[in-house]
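The values are calculated or read from the model by the stated rules, or taken from the named source; none is laboratory data. Quick caveat, the model's predicted, so the values are computed rather than measured. Counting neighbours? That spans all protein chains shown, and the Cβs are built from the backbone with ideal geometry, glycine included. In case anyone asks, the SASA skips ligands and DNA or RNA and just uses the protein heavy atoms, side chains included. Shrake-Rupley method; radii C 1.70, N 1.55, O 1.52, S 1.80 Å.
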Amino acid sequence: IPFLPSPGHTNKLLFLKEGHLWEFNKVSQKIQIIKKHEQAGIGRFLDMTLFRDGFVWIGGEDGAARFLNVNDSIGTINQWSEYPLPADLGIHNIEHLFESFDGGFISKADYLNSKNNVLAGFIGEKWKILYKSAAEDIYAGWQGLDNSLWILKGDVLKQNDPLRNWNLYHLRRGKEEMIGKNRVLNRELNGIITRPDGSFLIATGSGLASFSPLLWRKQSTDINLNRRYKNMLEDASGRLWFSC
């Protein structure tokens, strides 16, 4: 079942069971329901992910929710915000959420009236469909550099089972490239961790694979770069500036 350490608390664990959000307290050895799905407007809770800002995002049948419950010097902070799916998108079942660079997320979603699924994005507090698969089922996807997408496709026998028959693709500038299998990128897939610099880790039955973007790469831009560069500098935020 989906679980993670409860942000801002020691010796507590959040987990999803029977469509509800639960918490386990290691000190008292007790469990309690934090939020029933009937109390929310996004249907049964299906999956959840901890973001870098400490908030927990929960994917549900009909949307997503942003959750925070921490103790500070003032008292307990309890926040719950819901973002229902627009009816005109025709999708449901938000699962496998991965944080995007702007604090939103990318997730898998299912079409309401077919067996096909898509990559959905909640970016800039707006829902949109980012990618549709022509053949294979989509398992998960996350954001890459230069407006690209990394996409995992494969068959899952049961919810939260390891992915056994899968392929990894990179979609960039409209071109989809399948990443070749090797001695680590094979067998069952057990977990994925993404980072804000565009790198990620994939855990498989054969080991751990790490991807890092190339240090020097061609940027996606409409500016004519076929000219002489005279100077460059880096500002405080890490951006590079060129004069040409």
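Identify all residues within segment 160-169 that are open to solvent by 30 Å² or more (accessible area, probe 1.4 Å) and either in a loop (DSSP other than H, G, I, E, B) or free of Cβ contacts under 8 Å to residues at least 24 places away in the same chain (or both); write none if there are none.
Selection gives Asn160, Asp161, Pro162, Arg164, Asn165.
Only one of these conditions is not met by Ser199: (1) more than 14 Å from the chain's Cα centre (by Cα); (2) over 30 Å from Pro84 (Cβ atoms). Which number is it?
Status for Ser199: all satisfied but (1).
Identify all residues within segment 17-32 that are open to solvent by less than 60 Å² (accessible area, probe 1.4 Å) and among the aliphatic types (A, V, I, L, M); write none if there are none.
Leu21
Give segment 211-221 a look and list any residue that's out of contact with any Phe, Trp or Tyr (no Cβ under 7 Å at 6 or more places or on another chain) and either modelled with pLDDT of 85 or more or exposed (fewer than 11 other Cβ atoms within 10 Å of the Cβ) (or both), or say none.
Ser212, Pro213, Leu214, Leu215, Trp216, Arg217, Lys218, Gln219, Thr221
Can we say Leu14 is open to solvent by less than 60 Å² (accessible area, probe 1.4 Å), more than 17 Å from the chain's Cα centre (by Cα) and within 24 Å of Ile192 (Cα to Cα)?
yes
As an exercise: evaluate Lys115 against (1) touching a strand residue (DSSP E or B) at 6+ places or on another chain (Cβ under 7 Å); (2) among the charged types (D, E, K, R); (3) farther than 30 Å from Trp216 by Cα and give the number of the one condition it does not meet.
The one condition Lys115 does not meet is (1).
I'm trying to understand the selection: among the residues of segment 92-116, which are under 15 Å from the mean Cα position of the chain (by Cα), assigned to a strand (DSSP E or B) and of a type in the set (Ser, Thr, Tyr)?
Within segment 92-116, Ser107 is the sole residue that qualifies.
In segment 170-185, how many residues are free of Cβ contacts under 8 Å to residues at least 40 places away in the same chain and open to solvent by less than 40 Å² (accessible area, probe 1.4 Å)?
Here the count works out to 3.
Quickly run through segment 196-210 and pick out the residues that are of a type in the set (Gly, Ala, Ser) and either open to solvent by 50 Å² or more (accessible area, probe 1.4 Å) or in a loop (DSSP other than H, G, I, E, B) (or both).
Filtering segment 196-210 for residues of a type in the set (Gly, Ala, Ser) gives 198-199, 203, 205-207, 209-210.
Listed by number, the residues that qualify are Gly198, Ser199, Gly205, Ser206, Ser210.
How many of the residues making up segment 1-10 are loosely packed, with under 14 Cβ neighbours inside 10 Å and either modelled with pLDDT of 90 or more or closer than 8 Å to Met48 by Cβ (or both)?
Counting residues in segment 1-10 that are loosely packed, with under 14 Cβ neighbours inside 10 Å and either modelled with pLDDT of 90 or more or closer than 8 Å to Met48 by Cβ (or both) gives 3.
Being in contact with a strand residue (DSSP E or B) (Cβ under 8 Å, 6 or more places away or on another chain) and of a type outside the set (A, V, I, L, M, F, W, C) narrows it down to one residue among Gln39, Gln32; which is it?
Numbers: Gln39 fails: in contact with a strand residue (DSSP E or B) (Cβ under 8 Å, 6 or more places away or on another chain).
Only one candidate passes the filter, namely Gln32.
So if I check each of Lys115, Lys108, Lys36, which one is of a type in the set (D, E, K, R), without any contact (Cβ under 8 Å) to a residue 60 or more places away in the chain and open to solvent by less than 50 Å² (accessible area, probe 1.4 Å)?
On the way: Lys115 fails: open to solvent by less than 50 Å² (accessible area, probe 1.4 Å); Lys36 fails: open to solvent by less than 50 Å² (accessible area, probe 1.4 Å).
Result: Lys108 is the single residue among Lys115, Lys108, Lys36 that is of a type in the set (D, E, K, R), without any contact (Cβ under 8 Å) to a residue 60 or more places away in the chain and open to solvent by less than 50 Å² (accessible area, probe 1.4 Å).
Of the conditions (1) open to solvent by 30 Å² or more (accessible area, probe 1.4 Å); (2) under 16 Å from the mean Cα position of the chain (by Cα), Leu89 clears all except one; give me its number.
So Leu89 meets the others, but not (2).
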